[in-house]
Amino acid sequence: MDDSDITRSSEWLELGEHHRAVEGRTLRELFAEDPERAGRMSVSAGELFLDYSKHRATAETVGLLVRLAERAGLRESIEKMFGGEHINVSEDRAVLHTALRLPRDAELVVDGQDVVADVHAVLDEMAAFADRVRSKEWRGATGEPIATVVNIGIGGSDLGPFMAYEALADYADAGIEARFVSNIDPADISGKLRGLDPATTLFVISSKTFTTLETLTNARVARDWLVAALGEEAVGKHFVAVSTNAEKVGAFGIDTANMFGFWDWVGGRYSFDGAIGLSLMLAVGPANFRRMLDGFHTIDEHFRNTPFEANMPVLMGLLGVWYTDFFGAQTRAVLPYSQRLHRFPAYLQQLTMESNGKSVKADGTPVTSDTGEIFWGEPGTNGQHAFYQLLHQGTRLVPADFIGFAEPHEDPAGMHDILTANLLAQTTALAFGKTAEEIAAEGTAAEIVPHKVMPGNRPTSTILAPRLTPEVLGQLVALYEHIVFVEGTVWGIDPFDQWGVELGKKMALDLAPTLTSEEPPTAFPDASTENLVRKYRQLRGR
Ligand code: F6P
């Protein structure tokens, strides 16, 4: 056997055989056969409880998937990641987001560098700065305290802090509001600046590379807005930066004394638990930020030390492989029953799809299986009134992750129990459906019965946690980070590079002058784009 090709391994082939036996079984049958099923197919990690019994899988499936993970070298890969080996092969980098949440007394030296000391030095700088801003010691150029933080960044330099700020809104206790500007669409920044007072606004320019067109363009607009109101000398009091690139930060005109750093071993989409989380820390405070880091670390330890059969990220990652490669599922819905997590699906889209959307393996050879689930979702119950119809009765198989919390932060009129009842009702209806006989027995007219049949057998995971605290948020994010890693390892790809986004960036830079030029468009790669450029220029009167 070609050792690098997991799809030709005996474990993969056995799963294929097994799939043929399982695909015709219903969840109704599986539950009827095994009264212990729900108890056996649930695990805990930190404060997270996972019920995965509503999956089209048996104990044998789990055993075979675990053997597949072992065959793929998951155990060794986990150790390589945590140990700082250069597992991001195409960029020759270590992958150490797990080090961002190591406790102060941990030890990790990578490439001759004391990583834990570096991480905590930056966390301490962030905390000192956040304390100054939150206590109103740090003031703007006119002497007023900061009321609004505007984070300017995109991708991992936006989605993580934005998602987490929204998730932890109940912990924003210093009267500091955060806003997030990402898109190069001018509507984004102008909308976010509306109503703000330059004298009380602090901009955090967040960019790992400090070369990203969207971020630098928005940062320049923000700078002009501030300078127009307060003058050039006000910039130092109203702009700080988060980056790995001190030279470019200085060149932009931000004092590098007000720059918070990180390292090339932190991927953009894995970075908001480090300095990229500065805007979050300013809003919720250093203590809550550290609570979040503890949550991340709890799941890191669970992932590293728990046998695969009881390992939450391993099980969820392997189920992702099961549906993607054996059932042919294309997508996975993530459905948080929490309005606070309304940006969580968007955040996961980058985390999962920028990581695992690859068609070559780490060694550059083509993959031989499908990779990369398409993640999408909306908070319940909004999604129920939008797209759940397709989940229940459509022709596609969409495995879904339901996420719920026992305790709300506030609960007028007992709304939270109704929210949770909806979550439970949906997973039950998806799993067990309703047969034609059951519908007919309710007196439904024969011709209407087929329309009302609920096929069921639609797989879901349910994650329950006590409350959306900083710790629990860290646990949830680390869970998905490691799910991505499990899947990427089985597929044999490098989940830590993102070369696929580069070509479009370069082409946009090449095309931009053509849109504004008075000259006839020339040298286009294709007639369609040339035609569209002409049309655009005509519409803009150029
Ligand atoms: O979209 C590509 C990407 O490189 C992401 O991986 C990254 O999170 C984002 O751009 C922003 O990059 P930067 O933080 O360097 O501005």
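Things worth noting here:
- Residue count for region 124-168 satisfying the condition of being of a type in the set (G, A, S), in a helix (DSSP H, G or I) and touching a Leu at 6+ places or on another chain (Cβ under 6 Å): 3.
- Selection status of L515, within 27 Å of T217 (Cα to Cα), at pLDDT 90 or above and either more than 19 Å from the chain's Cα centre (by Cα) or not in a helix (DSSP H, G or I) (or both): yes
- In region 201-214, residue farthest from the ligand (Cβ to nearest atom) [restricted to those that are under 16 Å from G236 (Cβ atoms) and β-branched (V, I, T)]: T201
- Test: residue in region 102-110 that is buried (at least 20 other Cβ atoms within 10 Å of the Cβ), at negative phi and assigned to a helix (DSSP H, G or I): no
- Subset of region 81-115 (residues that are touching a residue at least 60 places away in the same chain (Cβ under 8 Å) and either in contact with a His (Cβ under 6 Å, 6 or more places away or on another chain) or not hydrophobic (A, V, I, L, M, F, W, C) (or both)): G84, N88, S90, E91, R93, A94, H97, T98, R101, P103
- Residues of region 423-465 classified as of a type in the set (D, E, K, R), part of a loop (DSSP other than H, G, I, E, B) and surrounded by 11 or more Cβ atoms within 10 Å (Cβ to Cβ), total: 1
- Residue check for G195: free of Cβ contacts under 8 Å to residues at least 40 places away in the same chain, part of a loop (DSSP other than H, G, I, E, B) and over 14 Å from G140 (Cβ atoms): yes
- Here the condition is being in contact with a His (Cβ under 8 Å, 6 or more places away or on another chain) and aliphatic (A, V, I, L, M); of V266, V240, V249, it holds for V266 alone.
- Within region 492-506, residues that are more than 19 Å from T529 (Cα to Cα) and in a helix (DSSP H, G or I) reach partners that are at pLDDT 95 or above and of a type in the set (S, T, Y) with beta carbons closer than 8 Å, at six or more positions or on different chains, in the pairs W499/S90.
- Given (1) within 16 Å of the ligand (Cβ to nearest atom); (2) surrounded by 10 or more Cβ atoms within 10 Å (Cβ to Cβ), number of the condition D510 does not satisfy: (1)
- Applying the criterion of being in a helix (DSSP H, G or I) and within 16 Å of the chain's Cα centre (by Cα) to the residues of region 306-339, the residue that is surrounded by the fewest Cβ atoms within 10 Å (Cβ to Cβ) is M316.
- Residues of region 166-192 classified as surrounded by 16 or more Cβ atoms within 10 Å (Cβ to Cβ) and either β-branched (V, I, T) or without any contact (Cβ under 8 Å) to a residue 40 or more places away in the chain (or both), total: 7
- Once region 60-96 is narrowed to residues that are touching a Lys or Arg at 6+ places or on another chain (Cβ under 7 Å) and in a helix (DSSP H, G or I), the residue that is farthest from P35 (Cα to Cα) is F82.
- Residue match in region 153-172 (condition: within 16 Å of the ligand (Cβ to nearest atom), aliphatic (A, V, I, L, M) and under 16 Å from A241 (Cα atoms)): yes
- Helices (runs of 4 or more DSSP H) wholly inside region 215-302 that include at least 2 residues being surrounded by fewer than 23 Cβ atoms within 10 Å (Cβ to Cβ) and within 14 Å of the ligand (Cβ to nearest atom): 246-252
- Residue in region 414-422 that is touching a Phe, Trp or Tyr at 6+ places or on another chain (Cβ under 9 Å), under 30 Å from H302 (Cα atoms) and in a loop (DSSP other than H, G, I, E, B) present: no
The values are calculated or read from the model by the stated rules, or taken from the named source; none is laboratory data. Please read these numbers as outputs of a predicted model, since none were measured by experiment. Because the Cβ atoms are built from the backbone with ideal geometry, glycine has one as well, and the counts that use them run over all protein chains shown.
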